[in-house]
Amino acid sequence: MSSFSTDSQTPISAPKGLQGHLLIAVPQMLDPRFQKAVILMCQHDDQSAMGFVINQQSEKLNLGSLYETLEIGTPRFCADQPVFIGGPVDGNRGFVVHSQDHMLPESNPITHEIGLTTSLDILEDISNGTGPSQSIISLGYAGWGGGQLDAEIAANAWLTLPASHELVFDCDADDIWDETYAALGINPAHYNDIAGNA
């Protein structure tokens, strides 16, 4: 069922556009998959864009149950760590967004503080207590074709904000959307879709 990549190839390209930013759904977002979503953007160029929803936890999976699903034993540590639904694309593929205090050769920097790894090794390191100090385990991702995200931003479907270690890792998942609006100085109750984007 769910699987992490065992190779060193990841879908991340050179930094460009909104890589390292948070994409924040406006209050009027109609797509139920992205209502109040906060997405860490890991790639954005002329060809495509991708990121991970960082505030939608799975109701069924944590690291312990993911280990059972993958049939790789029982984690020694962090069995209760939540698993997130990173987006509607490729929901059986695993990704780990993490602090850069533990980078593997195949890890990719997203910002100067945040990395991304897709190999099973990072998951094993987390469960053995030797992995990064902070991490978000995610299944699936949010993806856009060339120019699609830019058009959505131009239509005021999203706001953007540079990602910070504190917003990504230190905020409770239920609070991140409100915290991003606070960081932008916007009250979402007063936001309307003609306000433009930040």
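The values are calculated or read from the model by the stated rules, or taken from the named source; none is laboratory data. Here the structure is a predicted model, which is why all the values come from computation and not from measurement. A quick note on method: Cβ atoms are made from the backbone with ideal geometry, for glycine too, and the neighbour counts reach across all protein chains shown. Side chains included, ligands, DNA and RNA excluded: accessible areas come from the protein's heavy atoms. Shrake-Rupley method; radii C 1.70, N 1.55, O 1.52, S 1.80 Å.
The residues in the range 148-163 that are among the aliphatic types (A, V, I, L, M), part of a loop (DSSP other than H, G, I, E, B) and out of contact with any strand residue (DSSP E or B) (no Cβ under 8 Å at 6 or more places or on another chain) can be counted, and the count is 1.
Being in contact (Cβ under 8 Å) with a residue 24 or more places away in the chain and of a type in the set (Asp, Glu) is a description that does not apply to Glu166.
Against the conditions (1) open to solvent by less than 60 Å² (accessible area, probe 1.4 Å); (2) of a type outside the set (Gly, Ala, Ser); (3) under 30 Å from Leu63 (Cβ atoms); (4) assigned to a loop (DSSP other than H, G, I, E, B), Leu139 satisfies every one except (4). Just one of the numbered conditions (1) open to solvent by 10 Å² or more (accessible area, probe 1.4 Å); (2) under 17 Å from the mean Cα position of the chain (by Cα) is not true of Gly129: (2). Taken over the range 14-58, the residue count meeting the criterion of being within 23 Å of Ser135 (Cα to Cα), in contact (Cβ under 8 Å) with a residue 40 or more places away in the chain and assigned to a strand (DSSP E or B) is 18. If you check Leu123, Leu116 for being more than 26 Å from Ala183 (Cα to Cα) and surrounded by 21 or more Cβ atoms within 10 Å (Cβ to Cβ), only one passes: Leu123. Between Ala182, Ala189, the distinction of being at pLDDT below 95 and at negative phi belongs to Ala189 only.
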